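Shown next, in structure tokens, is the structure this report addresses.
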Amino acid sequence: MDMTAEEIDFDIYDILDGILHFRDNLQTDAWRKSRRRIKASIENIFKQCLEAHPDDTDGGAAVFANPGSDRQRFELQIYQTTEMNDGLPVAFGIKCKDEKYYMCCTEDMRLYFKRGDLPNDIAGNSSDVIFFQKEFSDGDDGFKFQSSLKSGYYLAVSNEGGKQKLVLQQSQSLNERERFSINW
């Protein structure tokens, strides 16, 4: 049975960038920044801390360094969505040299940092900014992060040129290189 907007008691008032907006401020088919966020350092399986280097042009935008007193604290911004997912939609933000950046991925699985604030709204069902934070395994306190842009691809640690880098790779099974600890 088809119902009209009047029968459901809501009214569409605008369509912007392919997103329906309702007079009663109903949730749209998009991600919306929530008030919840986590500020934390992120460690890999080797107890090395994630560092952002947004200005690095040789592909080392996110690397792991030995623990020290000057750990970078990322802002894991939580997003709300109408979609059912098996993980918490988050985006990675960081402040470096008084500038704000956020992490993005490309179709060819390259990670980089874009200057600016995290977007308030993200249209569609996939995004280069959103990662699904999931429990690594039952009873484990670690997490893994699946790309919403590339289903089946996860953030992982890769040894490249003697550096431990953050990469996006396809996951076949439980892989310890995809396990991360969040330290508040």
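Near the amide H of residue 100, within less than 5 Å, lie the amide hydrogens of 116, all on another chain or at least 5 residues away, with H placed in the peptide plane.
Assigning unit charges at the beta carbon (Lys, Arg +1; Asp, Glu -1) and nothing else, what dipole magnitude in debye, to the nearest 20, does the range 29-101 show about its Cα centre?
The calculated dipole for the range 29-101 is roughly 500 debye.
Between amide H atoms placed 1.01 Å from N, distances below 5 Å from residue 62 occur with 53, 166, all of them 5 or more places distant or on a separate chain. Using θ = phi - 60° in the Karplus curve 6.51 cos²θ - 1.76 cosθ + 1.60, the 3J(HN,Hα) couplings for the range 96-106 round to 10, 6, 6, 10, 8, 9, 9, 7, 10, 10, 10 Hz; x is entered for Gly and Pro. Excluding ligands, DNA and RNA, the accessible surface per residue across the range 104-172 is 49 Å² with a 1.4 Å probe. Checked against a 18 Å cut-off, the cross-linked pairs 33/100; 97/165; 144/165; 39/150; 100/134 give Cα-Cα distances beyond that limit for 97/165; 39/150; 100/134. Subtracting the Cα-Cα distance of residue 159 and residue 183 from 0.36 nm times their residue separation leaves 6.4 nm of extension gain.
At full extension, residue 35 and residue 78 could sit 14.7 nm farther apart than now, given 0.36 nm per residue minus the alpha carbon distance. For residue 30, the residues 5 or more places off, or on other chains, whose built amide H falls under 5 Å of its own are 82. Applied to the range 157-170, the Karplus parametrisation 6.51 cos²θ - 1.76 cosθ + 1.60 on θ = phi - 60° returns per-residue 3J(HN,Hα) values of 9, 10, 8, 10, x, x, 10, 8, 10, 8, 10, 10, 9, 6 Hz, with x for Gly and Pro. 3J(HN,Hα) couplings calculated from phi for the range 172-184 with the Karplus curve 6.51 cos²θ - 1.76 cosθ + 1.60 (θ = phi - 60°) are, in sequence order, 9, 7, 4, 10, 4, 6, 9, 9, 10, 10, 10, 10, 6 Hz; Gly and Pro show x. Subtracting the Cα-Cα distance of residue 95 and residue 112 from their residue separation scaled by 0.36 nm leaves 4.7 nm. Under the convention that each Lys and Arg Cβ holds +1 and each Asp and Glu Cβ holds -1, the size of the dipole of the range 124-183 around its Cα centre is about 240 debye. Solvent-free Debye calculation, one equal scatterer per alpha-carbon of the range 47-184: log10 I(q)/I(0) at 0.13, 0.17 Å⁻¹ equals -0.53, -0.96.
The values are calculated or read from the model by the stated rules, or taken from the named source; none is laboratory data. Here the structure is a predicted model, which is why all the values come from computation and not from measurement. Counting neighbours? That spans all protein chains shown, and the Cβs are built from the backbone with ideal geometry, glycine included. Each accessible area value is taken on the protein alone, full model and side chains, heavy atoms only, with ligands, DNA and RNA left out. Shrake-Rupley method; radii C 1.70, N 1.55, O 1.52, S 1.80 Å.
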